[in-house]
Amino acid sequence: MVSDELSAKVSVTAYATNFAPLWLFVNMSPLLTSAYSPDTFRQQGHALVDLLADFLNNAQSGEQPPLHYREPDDELAFWQHDFEQPANPDPTAVWKNLLTHSIQLHNPRFMGHQVSAPLPVSALTSALTSLLNNGQAVYEMGMAGNALERVLTRWLSERLGLGPEAGGLMTSGGTLANLTALLTARALKAPTDVWAEGSTDRLAIMVSEEAHYCVDRAARIMGLGSAGIIKVPTNERFQLRTNLLEPYLKQAQADGLTVFAVIGSACSTSTGSYDNLTAIADFCEQHNLWFHADGAHGGVAALSDTYRPLVRGIERADSVVVDFHKMMMMPALVTAVLYRRDADAFRTFQQKAQYLWADANSPDWFNSGKRAFECTKLMMSAKVYTALKTYGEALFTEHVEAQYGLARAFAGHITEQPDFEVAVSPESNIVCFRYIGAGIAADRVSALNSAIRQAMLTGGPFYLVQTNLRGQTWLRVSIMNPLTTLDHLKELLDAVRKLGQFIQPI
Ligand SMILES: *Cc1c(COP(=O)(O)O)cnc(C)c1O
């Protein structure tokens, strides 16, 4: 008797032999075979490393501007045209185009957004983890990666002073990390089990008006709505005015809101200002609220004896977020979510997925998917680990000290120029400043600085950005590149001045 299974197989084969090419049953397709050839990979890999080393040489020399700006429609047309050409087994042409059509973060004249110039050895580790593609969610799909997450989150927790029970996980970026921590906060502090039952409570968080926009976004994703995001005003240094926490909480309660968390910025995004974390910790303790510290950019200060005082109080946070792809030179995305009580992390996502985990409720550190938002997740811990094992922790310490020091020196230089002003003396490596010329009407200064930034973007030798502070436009630099020097920054000021003088009379 032929079993049903066997007869099914036979008929599938009969069908396939009629309709599919014979090699399907004999061998892999020649195309797939060549695409997976280790020899081809070796050749392509050598070619790529050569291209990247040349790119680094060129970018780091700073001889060209960091960006050859093209209008979006022109850029699209270029790629659309390229896309329509036949495929070519040699990928180097594509790689070259990608390199020349992208902004150079390794260029010392790049000083725009807060994205690192990746450490070359970590970029190589990215290639390794891409090839391994271990997905992390379940232990056996990421043995090394999950163990390294444990090692690294404990190491960073220890450096932040979070105590012996601390730990955490890694996730794809500060935005997701802040959402993850706030979901944990809600699970532990909201009066009802929102995960299981939904909520009719009007839940709320309190955060500085200068916090990164992703905190607002996380709160809205969680259904808090505009009323549930209580934005506390900042002082003249753009730090949360902690003396307002009490009256704002009272007002929220009077309005029928249930506040469950306060977020401190360490540091804020526009000006790089550190909130008074000790005062926030005191307030949260007193009112039984979750204290979350957003240290995506500036949590790294804890690795420096000089700058650790900036994050005083972070050791009392219930949760902390630190981006490795900001001030720790990693390629995106690598972020740690740390908890003062590691076990809290298992309350965030209480989900049963029997095909992934035999026991969905056990607090096993080695199954990343139980605590992280992602199912398949980058093997991100390997990049940080390689950096630490290759250069030691001193690499991070020296980087933060160099960049924070440079920002202070640059601000000092600006204050010596009568035709410039700084928004606030920098606490981190972010400096906001503007060109005021001599006797330019106050109501024109914002428009002039916007025009300077636009001219610099499209044809200038530097890349910097702008920000809005209390309704005024300011130029903004984040000094991210270890190769940027005070001379580059002085040149930047000259270039801004020239543009200002050129544009101003128009
Ligand atoms: C950059 C940043 C974020 C967002 O992190 P991503 O990794 O870009 O998602 C959040 N908070 C602060 C303070 C930041 O600087």
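Test of understanding: what is the full-extension gain from Ala147 to Asp487, defined as 0.36 nm times their sequence separation minus their Cα-Cα distance? Walk me through the numbers before you get to the answer.
Numbers: separation 340, 0.36 × 340 = 122.40 nm, distance 4.32 nm.
My answer for the length gained is 118.1 nm.
Taking amide H positions as modeled 1.01 Å from N, with prolines and chain starts lacking one, the residues under 5 Å from Gln466 and 5 or more places away or on another chain are Arg476. At the residue level, His488 shows approximately 30 square angstrom of accessible surface with a 1.4 angstrom probe and all protein chains present.
Quick one: if the Förster radius is 35 Å, what FRET efficiency do Thr390 and Tyr69 give, using the C-beta to C-beta distance and rounding to 0.05? Rounded to the nearest 0.05, the efficiency is 0.50.
Which GluC sites (Glu not before Pro) in the stretch 70-143 sit in a loop by DSSP (not H, G, I, E or B) and have at most 14 other Cβ atoms within 10 Å of their own Cβ?
The qualifying sites are Glu84.
The calculated FRET efficiency for the pair Ala402 and Ala358, based on their C-beta separation and a Förster distance of 45 Å, comes to about 0.40. Taking the stretch 318-345 and a reference point 7 angstrom along Cα→Cβ of Gln60, the backbone N atoms nearer than 17 Å belong to 329-331.
I need the shape label for the stretch 209-291. Rule: rounded when a/c is under 1.5, else prolate if a/b > b/c, else oblate, with a, b, c from the alpha carbon gyration tensor. Before the final figure, lay out the partial values.
Values: a/c = 1.68, a/b = 1.17, b/c = 1.43.
Oblate, because a/c is 1.5 or more while a/b does not exceed b/c.
Counting only heavy atoms of protein chains, what accessible area per residue, in Å², does the stretch 395-503 have with a probe of 1.4 Å? Present the calculation step by step, with values, prior to reporting the outcome.
On the way: 4170 Å² over 109 residues.
Ligands and nucleic acids excluded, the result is 38 Å² per residue.
Taking only DSSP H segments of four or more residues, each worth -39500 (n - 2.57), what value at 222 nm results for the chain once the sum is divided by all its residues, to the nearest 500 deg cm²/dmol? Walk me through the intermediate numbers first.
Numbers: 18 runs with 225 residues, N = 506.
When only DSSP H runs of four or more count, the value is -14000 deg cm²/dmol.
Each of Ala147, Gly112, Leu244 was placed along the dipole of the chain (beta-carbon charges, centred on the mean Cα), and the one lying farthest toward the positive end is Leu244. Put simply, the amide H of Gly264, placed in the peptide plane, has neighbours under 5 Å in His292, Ala293, Asp294, leaving out anything fewer than 5 places away on its chain.
Counting only heavy atoms of the protein chains and using a 1.4 Å probe, Asp50 has close to 90 Å² of accessible surface. Farthest toward the positive end of the dipole of the stretch 134-392, out of Tyr355, Ala266, Thr200, is the Cα of Tyr355, where the dipole comes from beta carbon charges about the Cα centre. The loop-placed trypsin sites (Lys or Arg not before Pro) in the stretch 394-470, going by DSSP, that have at most 15 neighbouring Cβ atoms within 10 Å of their Cβ come out as Arg470.
What separates the Cα centres of the stretch 253-317 and the stretch 45-83 is a distance of 39 Å. Under the convention that each Lys and Arg Cβ holds +1 and each Asp and Glu Cβ holds -1, the size of the dipole of the stretch 134-392 around its Cα centre is about 340 debye. Basic side chains Lys and Arg get +1 at the Cβ, acidic Asp and Glu get -1 at the Cβ, and with that the dipole of the chain about its Cα centre reaches some 540 debye. Applying 0.36 nm per residue to the separation of Leu51 and Arg308 and subtracting their alpha-carbon distance, the gain on full extension is 88.6 nm. Per-residue Karplus couplings for the stretch 150-161, computed as 6.51 cos²θ - 1.76 cosθ + 1.60 with θ equal to phi - 60°, are listed in order as 5, 4, 6, 5, 5, 4, 5, 4, 5, 5, 7, x Hz, Gly and Pro entered as x.
Amide H to amide H, with H built 1.01 Å from N, His68 comes under 5 Å of no residue 5 or more places away or on another chain. Positive end of the dipole of the chain (Cβ unit charges, origin at the Cα centre): among Thr467, Leu124, Gly439, the Cα lying farthest that way belongs to Gly439.
If R0 is taken as 60 Å, the Cβ-Cβ distance between Asn27 and Arg341 corresponds to a FRET efficiency of 0.60.
Counting only protein heavy atoms and a probe of 1.4 Å, the accessible surface of the chain is 56% carbon and sulfur.
A simple rule links phi to the HN-Hα coupling: the Karplus curve 6.51 cos²θ - 1.76 cosθ + 1.60 with θ = phi - 60°, which for the stretch 227-242 gives 5, x, 10, 8, 8, 8, x, 10, 8, 5, 9, 6, 9, 3, 7, 5 Hz, with x for Gly and Pro.
Between the DSSP loop rule and a limit of at most 10 other Cβ atoms within 10 Å, which GluC sites (Glu not before Pro) in the stretch 379-479 are left? Numbers along the way, then the final one.
Working: sites: Glu393, Glu398, Glu401, Glu416, Glu421, Glu427; in loops: Glu393, Glu416, Glu427.
The qualifying sites are Glu416.
Extent of the stretch 134-392 along its three principal axes (Cα atoms, max minus min coordinate, largest first): 51, 47, 29 Å. Of Glu158, Glu236, the order by accessible heavy-atom surface (1.4 Å probe, DNA, RNA and ligands excluded), from most exposed downward, is Glu236, Glu158.
For a paramagnetic label modelled on Thr40 (point 7 Å from Cα along Cα→Cβ), amide N atoms under 20 Å away belong, within the stretch 95-115, to 95-97. Solvent-accessible surface of the stretch 134-392, averaged per residue with a 1.4 angstrom probe and all protein chains in place: 39 square angstrom.
Fully extending the segment from Ser102 to Glu209, taken as 0.36 nm per residue of separation minus the present Cα-Cα distance, adds 35.3 nm. Couplings for the stretch 129-143, taken from phi via the Karplus curve 6.51 cos²θ - 1.76 cosθ + 1.60 with θ = phi - 60°, read 5, 5, 6, 5, 6, 6, x, 6, 4, 10, 3, 5, 8, x, 4 Hz in order; Gly and Pro are left as x.
Put simply, the Cα atoms of the stretch 368-421 extend 56, 27, 13 Å along their principal axes, the longest span coming first. I need the shape label for the chain. Rule: rounded when a/c is under 1.5, else prolate if a/b > b/c, else oblate, with a, b, c from the alpha carbon gyration tensor. Oblate shape, in that a/c is at least 1.5 and b/c is the bigger or equal ratio. How many percent of the alpha carbon pairs in the stretch 25-141 exceed a separation of 19 Å? More than 19 Å apart: 63 percent of the Cα pairs in the stretch 25-141.
Counting lysine pairs in the chain whose alpha carbons fall under 16 angstrom apart, excluding pairs fewer than 8 residues apart on the same chain, gives 4.
The values are calculated or read from the model by the stated rules, or taken from the named source; none is laboratory data. As the structure is a computational prediction, the values presented were derived from the model and not from experiment. Here Cβ is always computed from backbone atoms with ideal geometry, including for glycine, and neighbour counts include all displayed protein chains. Ligands, DNA and RNA are excluded from the accessible area calculation, which covers all protein heavy atoms including side chains. Shrake-Rupley method; radii C 1.70, N 1.55, O 1.52, S 1.80 Å.
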